[in-house]
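This report concerns only the one structure given below.
The values are calculated or read from the model by the stated rules, or taken from the named source; none is laboratory data. Just so you know, these numbers come straight off a predicted model, no measurement behind them. So basically every Cβ, Gly included, is an ideal-geometry build from the backbone, and we count neighbours across all protein chains shown.
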Amino acid sequence: MKLIFSATTKYIMGFVLIGALLFLPAWTLNYPGAWLFLALLFVPMLIMGIVLFAKAPDLLQKRLNNKEKEKAQKGVVALSGLMFPVGFVISALDHRFGWSGVPAWLVIVASVLFLIGYGMYAEVMRENAYLSRTVEVQKDQKVISAGLYGAVRHPMYLATLLMFMPMPLILGSFWGLIPFAVYPVAICIRIQNEEKVLTEGLDGYAEYKTKVKYRLVPFIW
């Protein structure tokens, strides 16, 4: 019951907060991009939460925990925490004042990329029972090298890139892309620190790095 209460509370608070960040600056509920984005974000989230609660409640608990221990990671989390509200507000103001117009085909492409990222995110959770929102080495943790982890070392972060970067386009804004441009930089910083922690504390991770050469994007980095 405690887990249900915690997950439900965060779900509702997230919906209310993001809704407020979008509809208040837009000063209207007639904001199709915002409704589309909320549906794309929260419907799969609800389904994923129900599945995790039924099949992997421990993993759901880990995903609810966001208290970082690493100093470097706290800065990354703070930067990301600022990026989202600023990006949402700018996108909403863009809708209100008509600063830019995103064509319908690009909104569709952005929505498809978002759902692909969401699907990849779900697959990563299926493959890796040790997946946590914080950088840490868990008790009895083992290196995962199959599936998506055989292509890149951090498929979860690749999934978040596919999800987060198209968000302003789904909301109908080009200007909203500006604050979201910090996300790839934040992810690169997070990965470098995370790999340091895993190499020092997780048996077999150094060997895994020699087998899977790319951190985030195949053939690029």
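Quick rundown of the values:
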read-out: Total residues in segment 157-203, condition closer than 22 Å to Trp35 by Cα and among the aromatic types (Phe, Trp, Tyr); value: 4
read-out: Condition met for Thr160 (outside any loop (DSSP other than H, G, I, E, B) and either over 20 Å from the mean Cα position of the chain (by Cα) or without any contact (Cβ under 8 Å) to a residue 24 or more places away in the chain (or both)); value: no
read-out: Phe174 vs. criteria over 13 Å from Glu123 (Cβ atoms), modelled with pLDDT of 90 or more and surrounded by fewer than 18 Cβ atoms within 10 Å (Cβ to Cβ); value: yes
read-out: Close pairs (7 angstrom Cβ cut-off, 6 or more residues apart or separate chains): touching a residue at least 60 places away in the same chain (Cβ under 8 Å) and in a helix (DSSP H, G or I) in segment 1-25, β-branched (Val, Ile, Thr) and surrounded by 12 or more Cβ atoms within 10 Å (Cβ to Cβ) anywhere; value: Leu21/Val89; Pro25/Val89
read-out: Qualifying positions in segment 1-35 - surrounded by 17 or more Cβ atoms within 10 Å (Cβ to Cβ) and of a type in the set (A, V, I, L, M, F, W, C); value: Ala7, Ile18, Leu21, Leu22, Phe23, Ala26, Ala34
read-out: Residue in segment 206-214 that is touching a helix residue (DSSP H, G or I) at 6+ places or on another chain (Cβ under 8 Å), of a type in the set (S, T, N, Q) and modelled with pLDDT of 85 or more present; value: no
read-out: Residue that is modelled with the lowest pLDDT, among those in segment 4-30 that are within 21 Å of the chain's Cα centre (by Cα) and of a type in the set (Ser, Thr, Tyr); value: Ser6
read-out: Subset of segment 178-218 [of a type in the set (A, V, I, L, M, F, W, C) and more than 26 Å from Gly87 (Cα to Cα)]; value: Val197, Leu198, Leu202, Ala206, Val212
read-out: Selection count, segment 198-221, where residues are in a helix (DSSP H, G or I) and either of a type in the set (Ser, Thr, Tyr) or surrounded by fewer than 18 Cβ atoms within 10 Å (Cβ to Cβ) (or both); value: 10
